[in-house]
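Step one of this worksheet: look at the structure below.
The numbers here are math on the coordinates, done by the rules we state, and not lab data. Everything numeric here is computed off the predicted structure, so don't read it as measured data. Reconstructed Cβ throughout: ideal geometry from the backbone, glycine too, with neighbour counts over all protein chains shown.
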């Protein structure tokens, strides 16, 4: 069986947290953009209805900018989440190693 270095596993999480966060951010942006795209397409018709004001809001540049901001915020939140998780795992690894070292010291004495 191959030996696993827990520090390399944790480093991998840290190194890839940004990529994961970016992917989650892009997903959130696309999800949020869905309503905007719907409004843009609805606005291309000549029909006027009660939902026209809502439709115009969805297709506005401000709304589209908000969708992008939501995506960026999700990216940042996810990156931080994984950085914190990696730090927690590093601490847990350190604790386990310390307990093992103390146990080994007691056995050898």
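The figures follow:
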item: Within segment 57-77, backbone nitrogen closer than 15 Å to the virtual label 7 Å beyond the Cα of residue 35 toward Cβ; result: 57-71
item: Segment 34-93 - Debye-derived log10 I(q)/I(0), Cα point model, q = 0.20 Å⁻¹; result: -0.75
item: Counting all C-alpha pairs of the chain, share separated by more than 18 Å (%); result: 67
item: Potential lengthening between residue 53 and residue 13 on full extension [0.36 nm per residue; Cα-Cα distance subtracted]; result: 9.9 nm
item: Listed residues 23, 52, 73, most fluctuating in the chain (Gaussian network, C-alpha, under 10 Å); result: 52
item: GNM result for the chain, Cα springs below 10 Å: residue of 64, 53, 22 fluctuating most strongly; result: 53
item: Stretchable slack from residue 72 to residue 106, in nm (0.36 nm times residue separation minus alpha-carbon distance); result: 7.1 nm
